[in-house]
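First up is the structure itself, then whatever we jot down about it.
The values are calculated or read from the model by the stated rules, or taken from the named source; none is laboratory data. Owing to the predicted nature of the structure, the values given are computational and were not obtained by experimental measurement. Neighbour counts are summed over all protein chains in view; Cβ atoms, including those assigned to glycine, are modelled from backbone coordinates with ideal geometry.
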Amino acid sequence: MPIIAFQGMPGAYSDLACHHAYPGWTTLPCASFEAAIEAVRDHKADLAMLPCENNLAGRVPDIHRLLPESGLFVVGEHFQSVEHCLLGNKGATIEGLKRAHSHPMALGQVLKVLKELKLQPVIEADTAGAAKLLAERGGLEDAAIASSLAAETYGLEILRRNVEDEAGNTTRFYVMSRDAALPKPGTPRCVTTFVFQVRSIPAALYKALGGFATNGVNLTKLESYMLGGRFTAVQFLCDADGHPEEPAMARALEELKFFSHELRVLGTYTAHPYRIENVGN
């Protein structure tokens, strides 16, 4: 049976994303993003599911740094709806709760229910870990903010679903593989992910990206970050609509290469249905 690695404990949202994107696959929990990448490199897993950005919280730290040096290719993307649940041990009631345990980001996304129920927030390392600790400790006064999968995994009761403050909370993931899986040119709605460093000349970024505008190629992601802690060394991580073997994208990348110190295509893959329905166009 194929295996897909993720960072976190069983029941984490990344685990849920793996189950939704690859039903029937075995999921492999890993202690860190680096460990999930290494699991694929070492043939312990076939793919890795790595979160790259959330529409409310922004980009996921470290992913932009790890991808270029991972030795892996981006072969897909997945958009996972984040639906927080209020979980309790069997016999717990909402009226009897006093504390809610979860990851700081999750706690920050459920402020309304915390205020409504007068729950004291308690920070834990991650959402699934909070659910696991709750199950291990027992008690009826503590709850966890986590996924429905975490409730199923650790035998907890779902006391209330969808307790997040904002509807539409969604996390995007890169699917990583040892081998590139380039779709055929002409495949509808392809996305290409690449990194580049601009040459140290005036207006280099403006000139580098000009080829995308003149060739009608849509950039859907452009992020900059420093290399090696140096303010003068900047790398960009980009997503663009299109296939590198199609004329418009090929011309845009050729122009980008001319003005760049380094350009690496990390992968081309078919756009997820969520992107087609909700992002751009």
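Points worth noting:
- Flag if Gly216 is in contact (Cβ under 8 Å) with a residue 12 or more places away in the chain, surrounded by fewer than 17 Cβ atoms within 10 Å (Cβ to Cβ) and not in a helix (DSSP H, G or I): yes
- Residue in region 103-117 that is aliphatic (A, V, I, L, M), in contact with a helix residue (DSSP H, G or I) (Cβ under 6 Å, 6 or more places away or on another chain) and not assigned by TED's automatic domain parsing to the domain that holds Leu227 present: yes
- Scanning region 76-109 for residues being outside any helix (DSSP H, G or I), modelled with pLDDT of 95 or more and hydrophobic (A, V, I, L, M, F, W, C) gives a total of 7.
- The listed residues are Leu159, Leu133, Leu140, and the only one of them that is more than 18 Å from Gly96 (Cβ to Cβ), in contact (Cβ under 8 Å) with a residue 24 or more places away in the chain and surrounded by fewer than 22 Cβ atoms within 10 Å (Cβ to Cβ) turns out to be Leu133.
- Residue match in region 143-164 (condition: assigned to a loop (DSSP other than H, G, I, E, B), in contact with a Leu (Cβ under 6 Å, 6 or more places away or on another chain) and more than 22 Å from Ala57 (Cβ to Cβ)): yes
- When residues of region 165-199 are limited to those that are under 15 Å from Val82 (Cβ atoms) and touching a Lys or Arg at 6+ places or on another chain (Cβ under 9 Å), the one modelled with the lowest pLDDT: Asp165
- Test: residue in region 21-36 that is farther than 21 Å from Ile276 by Cα and buried (at least 24 other Cβ atoms within 10 Å of the Cβ): yes
- Complete set of residues in region 80-118 that are within 18 Å of the chain's Cα centre (by Cα) and buried (at least 20 other Cβ atoms within 10 Å of the Cβ): Gln80, Val82, His84, His103, Ala106, Gln109
- When each of Leu253, Leu209 is tested for being surrounded by 19 or more Cβ atoms within 10 Å (Cβ to Cβ), over 27 Å from Gln7 (Cβ atoms) and in contact with a Pro (Cβ under 8 Å, 6 or more places away or on another chain), the lone residue that passes is Leu253.
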